[in-house]
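Inspection log for the structure reproduced underneath, given as structure tokens.
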Amino acid sequence: MARKKYEAEHENHERWLISYADFITLLFAFFVVMYAISVVNEGKYKVFSVSLGDAFGGKDKSTASVASSNVPQLIVLPDPLVKRRAEAMRREKERLTSLAQKLTSTLAPLVREGKVRVTQNSRGVSVEINASVLFDPGDATLTPASDQALRALAVLLKDDPHAVQVEGHTDPTPIRNALFPSNWELSAVRASSVVRLFIDSGVAPARLTVVGHGANIAVAPNDTPEGRARNRRVAVTILSALPDTTTEIPTG
């Protein structure tokens, strides 16, 4: 009994200092982390605070969800490159809209007759000309009557920097002669005839592209004479200058 009493009298009563020192160190680290988070982003700091309150305060899930709903949402400011691209898109759309208005005004008589349509979309401005204005049936030689309209169009395009794509379209009525084995050749040569006139009128050849679609892109039903006449056309598209976004597709 005497030995046990001696050991009790010499028990170390300062062991609590070790736990207290560890607690102070952890508390200091805790506030350092809290300060760092609050400096980086106030919204993240509040989210972190709510999470800590939930963990240490014993809040149930319903209380935590209410508290989280009151945390302000993180607002991501637009990247400078995104802002510049948005501004470039706005200016380009304004330029194309102005060009579309000039084209509509220049070709107003044909627009009113329904022989020319001017439209605008994200691809650019398209001037759709009925083939009856430009060619005789089954032929790809421009008629004298087409010269005035096309040269007026070329005047507007000559000093404009945009690339121009000229597309020929036909109806599905088969054609087979010494010049045109099919509608593919007819549509392509008709578009080429328009491009040659543009070049003769001063439009830079490097800006011009010819496409023959044959009867594959119809804009009206082909079961009526009116629909087939509508589909026989040449579309002159002034392409938007904004570059397309290219994404490489990884393999595997």
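Each value in this text was obtained by applying a stated rule to the coordinates, not by laboratory testing. Model, not experiment: these values are computed from the prediction. Heads up, the Cβs are rebuilt from the backbone with ideal geometry, glycines too, and the neighbour counts pull from every protein chain shown.
The convex hull of the Cα atoms of the range 120-187, projected and averaged over all directions, covers 5.7 nm². Site pair residue 81 and residue 98 shows an inter-label distance of 2.9 nm when each label is modelled 7 Å from Cα along Cα→Cβ.
Testing the spin-label approximation: label points 7 Å from Cα along Cα→Cβ at residue 211 and residue 196. State their distance in nm. Once both label points are built, they end up 2.3 nm from each other. For the range 107-158, trypsin sites (Lys or Arg not before Pro) are listed when DSSP marks them as loop and at most 16 other Cβ atoms sit within 10 Å of their Cβ; the list is 123. Fully extending the segment from residue 218 to residue 111 would add 36.5 nm, taking 0.36 nm per residue of separation and subtracting the current Cα-Cα distance.
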